[in-house]
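Enquirer: My structure is below; once you've seen it, I'll send some questions.
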Amino acid sequence: MIEIKDKSKCCGCTACYSVCSQNAIEMIEDEEGFKYPHLKLDKCVNCGLCVQICPILKEKNVGIGISEKYAVQYKDEKARAQSTAGGFFSVVADWIIEEKKGVVFAAGYEGYTVVHKATTAKSSLEEMRGSKYVQSDLRNVFREIQIILKQNQDCLFVGTPCQVYGLSNYISNSDLRQHLILIDLLCLGVSSPYLYEKWVKYLERKYKDTVKTVRFRDKSYGYATANIKVIFQKRNCLEQRYDAKSLMKTFFSGYNMRPSCYDCVFRCVDRVSDFTIGDFHQIREFSAKMDDDKGTTCVWVHTDKAKKLMSSFYDRITYLCLEPFCSSTLDVISKKTEIPINRDAFFSDIKKLSYNEFVKKWAKNDLKSIIANIVKPIINKTPCRTIIFKMIKKKKQRSFQKRVEKANDRK
């Protein structure tokens with residue numbers, strides 16, 4: 001039977017919950033807002049399936065290396081504009097809906113809550129595009145996918161590496177897997193759904209409006225600069241303001257992260273997915289023409305099935321095969337992130353303080369941020385905005401990499 005004593009050993013993928021035929025496991029939110037499996041002893045029959053299927057507790061299967069690597073931009077400019085990078089998710093999702101009459105499972109919204117959900121309509125894909133940065137609620141998605149696959153219907157599932165690994169363990173039958181396409185993401189970690197909810201409620205009270213959706217990587221300022229846009233029901237939006245950025249400041253500071261993300265066992269080269277996708281900010285080093293500040297996806301191809309699929313997408317994409325130009329390594333960030341010393345105090349304050357009091361303490365609106373919020377909208381109206389924002393982006397990337405290297409030197 002599964003028993004989580006060390007929370008760093010549970011990624012919340014729901015594989016154990018999904019495989020239990022006795023419904024002896026339920027996913028319960030802890031004091032930090034992350035869900036963990038809890039066992040109902042009166043229903044457990046000690047079959048051991050929950051432990052066997054766990055992608056962390058079970059001895060890790062050898063994943064699949066990298067066969068091909070691409071830079072990709074979707075020719076559908078509207079879908080690409082709504083995407084975090086170059087729109088490769090939309091390429092595959094549109095294809096599976098149009099050509100295979102299949103089902104797409106990805107992170108979207110239920111109200112303002114981030115959840116994994118299904119769609120068979122292209123019109124529903126907009127909310128599924130773009131990074132979410134909040135751990136999505138998977139609910140019964142694994143079981144739903146299994147039912148669909150048993151009907152010989154094709155499915156696409158997109159998620160974090162741990163979610164994909166959990167689903168891969170759950171759908172182990174090779175006959176079913178031929179109908180399932182798995183895409184995982186280059187992932188830095190996931191943040192607390194509880195703090196996200198508290199932030200949204202704070203915004204709704206302050207602005208007296210209902211939050212419709214959040215675009216964590218909006219491109220109103222181009223691909224080169226980060227922009228968090230909160231879209232309300234009545235007013236237009238909130239962006240380039242402290243209230244919009246405050247939640248993500250807690251994430252990138254390292255506090256607001258699931259315990260298993262600090263030393264992630266899935267952030268590695270070998271994957272169980274068909275494709276891995278991520279940002280490709282370095283596209284200019286390979287193609288000046290594709291460096292148009294609208295976003296490019298780096299796509300790593302792992303399986304023979306994925307190789308065949310790529311040929312089906314060629315007429316939908318602008319692409320560059322990178323294999324002749326670079327090694328077949330997965331450009332992942334170090335799998336370890338330093339755990340802040342006062343992380344416990346951070347999560348203790350989430351419960352005790354109002355959101356406004358909380359962010360003033362843990363994500364202060366310093367002078368540098370205030371100036372940036374004033375200057376960025378001005379820069380965005382200038383002809384040279386792309387050049388300036390790219391320079392700022394490179395500086396931030398160098399600073400982040402130095403912090404990562406420094407943290408790993410201390411380990």
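The values are calculated or read from the model by the stated rules, or taken from the named source; none is laboratory data. Note that this is a predicted model, so its numbers are computed, not measured. Note that we place each Cβ from the backbone using ideal geometry, even for glycine, and neighbour counts take in every protein chain shown. The accessibility values were calculated without ligands, DNA or RNA, using every heavy atom of the protein model including side chains. Shrake-Rupley method; radii C 1.70, N 1.55, O 1.52, S 1.80 Å.
Enquirer: So which residues in region 251-295 are of a type in the set (A, V, I, L, M, F, W, C) and within 30 Å of Gln178 (Cβ to Cβ), if there are any at all? Spell out how you get there, then give the answer.
Expert: Of the residues in region 251-295, the ones of a type in the set (A, V, I, L, M, F, W, C) are 251-252, 257, 261, 264-266, 268-269, 272, 275, 277, 280, 283, 286, 288, 290.
Cys264, Val265, Phe266, Cys268, Val269, Val272, Phe275, Ile277, Phe280 - these are the residues of region 251-295 that are of a type in the set (A, V, I, L, M, F, W, C) and within 30 Å of Gln178 (Cβ to Cβ).
Enquirer: In region 4-13, how many are surrounded by fewer than 22 Cβ atoms within 10 Å (Cβ to Cβ), outside any helix (DSSP H, G or I) and either of a type in the set (Lys, Arg) or in contact (Cβ under 8 Å) with a residue 40 or more places away in the chain (or both)? Before the answer, list the steps.
Expert: The first filter runs over region 4-13 and keeps only residues surrounded by fewer than 22 Cβ atoms within 10 Å (Cβ to Cβ), leaving 4-9.
Still in the running and outside any helix (DSSP H, G or I): 4-6.
Okay, now just the ones that are also either of a type in the set (Lys, Arg) or in contact (Cβ under 8 Å) with a residue 40 or more places away in the chain (or both), so 5.
So the answer is 1.
Enquirer: Name the residue, out of Lys219, Lys206, Lys234, that is of a type in the set (D, E, K, R) and crowded, with 21+ Cβ neighbours inside 10 Å. Explain how you work it out, then say what you get.
Expert: On the way: Lys206 fails: crowded, with 21+ Cβ neighbours inside 10 Å; Lys234 fails: crowded, with 21+ Cβ neighbours inside 10 Å.
Only one candidate qualifies: Lys219.
Enquirer: Which residue pairs have Cβ atoms closer than 8 Å, lie 6 or more positions apart in sequence or on different chains, and pair a first residue in region 334-358 that is closer than 16 Å to Tyr202 by Cα and of a type outside the set (A, V, I, L, M) with a second residue that is open to solvent by 20 Å² or more (accessible area, probe 1.4 Å) and not in a helix (DSSP H, G or I)?
Expert: Every condition considered, the pairs that remain are Lys351/Glu31.
Enquirer: When residues of region 81-102 are filtered for being touching a residue at least 40 places away in the same chain (Cβ under 8 Å), open to solvent by 10 Å² or more (accessible area, probe 1.4 Å) and over 14 Å from the mean Cα position of the chain (by Cα), how many remain?
Expert: Within region 81-102, residues that are touching a residue at least 40 places away in the same chain (Cβ under 8 Å), open to solvent by 10 Å² or more (accessible area, probe 1.4 Å) and over 14 Å from the mean Cα position of the chain (by Cα) number 6.
Enquirer: Next question, about the same structure. Got at least one residue in region 189-200 being β-branched (Val, Ile, Thr), open to solvent by 10 Å² or more (accessible area, probe 1.4 Å) and in contact (Cβ under 8 Å) with a residue 12 or more places away in the chain? Steps first, answer last, please.
Expert: Keep residues of region 189-200 that are β-branched (Val, Ile, Thr), which gives 190, 200.
Okay, now just the ones that are also open to solvent by 10 Å² or more (accessible area, probe 1.4 Å), so 190.
Subsequent filtering for residues that are in contact (Cβ under 8 Å) with a residue 12 or more places away in the chain retains 190.
So far as region 189-200 goes, yes, one or more of its residues are β-branched (Val, Ile, Thr), open to solvent by 10 Å² or more (accessible area, probe 1.4 Å) and in contact (Cβ under 8 Å) with a residue 12 or more places away in the chain.
Enquirer: Then there's this: Does Glu144 qualify as being in a helix (DSSP H, G or I), open to solvent by 40 Å² or more (accessible area, probe 1.4 Å) and in contact (Cβ under 8 Å) with a residue 60 or more places away in the chain?
Expert: no
Enquirer: Considering only residues that are among the polar types (S, T, N, Q) and at pLDDT below 90, which ones fall in region 222-256?
Expert: Thr225, Asn227, Asn236, Gln240
Enquirer: I've got another one for you. Are any residues in region 22-52 within 15 Å of Pro259 (Cβ to Cβ), of a type in the set (D, E, K, R) and either open to solvent by 90 Å² or more (accessible area, probe 1.4 Å) or in contact (Cβ under 8 Å) with a residue 24 or more places away in the chain (or both), and if so, which ones? Before the answer, list the steps.
Expert: Start the filter on region 22-52 by keeping residues that are within 15 Å of Pro259 (Cβ to Cβ), which leaves 29-37.
If we keep only those that are of a type in the set (D, E, K, R) too, we end up with 29-32, 35.
Once the filter is applied, which keeps residues that are within 15 Å of Pro259 (Cβ to Cβ), of a type in the set (D, E, K, R) and either open to solvent by 90 Å² or more (accessible area, probe 1.4 Å) or in contact (Cβ under 8 Å) with a residue 24 or more places away in the chain (or both), region 22-52 yields Glu29, Glu31, Glu32, Lys35.
Enquirer: Suppose the filter is open to solvent by 40 Å² or more (accessible area, probe 1.4 Å) and among the aromatic types (Phe, Trp, Tyr); does Tyr112 pass it?
Expert: Details: open to solvent by 40 Å² or more (accessible area, probe 1.4 Å): yes; among the aromatic types (Phe, Trp, Tyr): yes.
In short, yes.
Enquirer: Also: Would you please name the residue that is least open to solvent (accessible area, probe 1.4 Å), looking only at residues in region 251-291 that are touching a residue at least 12 places away in the same chain (Cβ under 8 Å) and among the acidic types (Asp, Glu)? Even if it seems obvious, please write down each step before you answer.
Expert: Quick first cut of region 251-291, residues touching a residue at least 12 places away in the same chain (Cβ under 8 Å) only: 251, 253-281, 283, 286-287, 290.
Next cut, among the acidic types (Asp, Glu) only: 263, 270, 274, 279.
Numbers: Asp263: 74, Asp270: 65, Asp274: 9, Asp279: 51 Å².
The selected residue is Asp274.
Enquirer: Only residues that are touching an Asp or Glu at 6+ places or on another chain (Cβ under 7 Å) and under 29 Å from Tyr255 (Cβ atoms): list them for region 18-50, please.
Expert: Matches in region 18-50: Lys35, Tyr36, His38.
Enquirer: Another question, then. So, of the residues in region 147-172 that are of a type in the set (S, T, N, Q) and touching a residue at least 12 places away in the same chain (Cβ under 8 Å), which turns out to be surrounded by the fewest Cβ atoms within 10 Å (Cβ to Cβ)?
Expert: Residues of region 147-172 of a type in the set (S, T, N, Q): 151-153, 160, 163, 168-169, 172.
Now drop any that are not touching a residue at least 12 places away in the same chain (Cβ under 8 Å), which leaves 152-153, 160, 163, 168-169.
Details: Asn152: 10, Gln153: 15, Thr160: 26, Gln163: 30, Ser168: 22, Asn169: 21.
Among those residues, the one meeting the criterion is Asn152.
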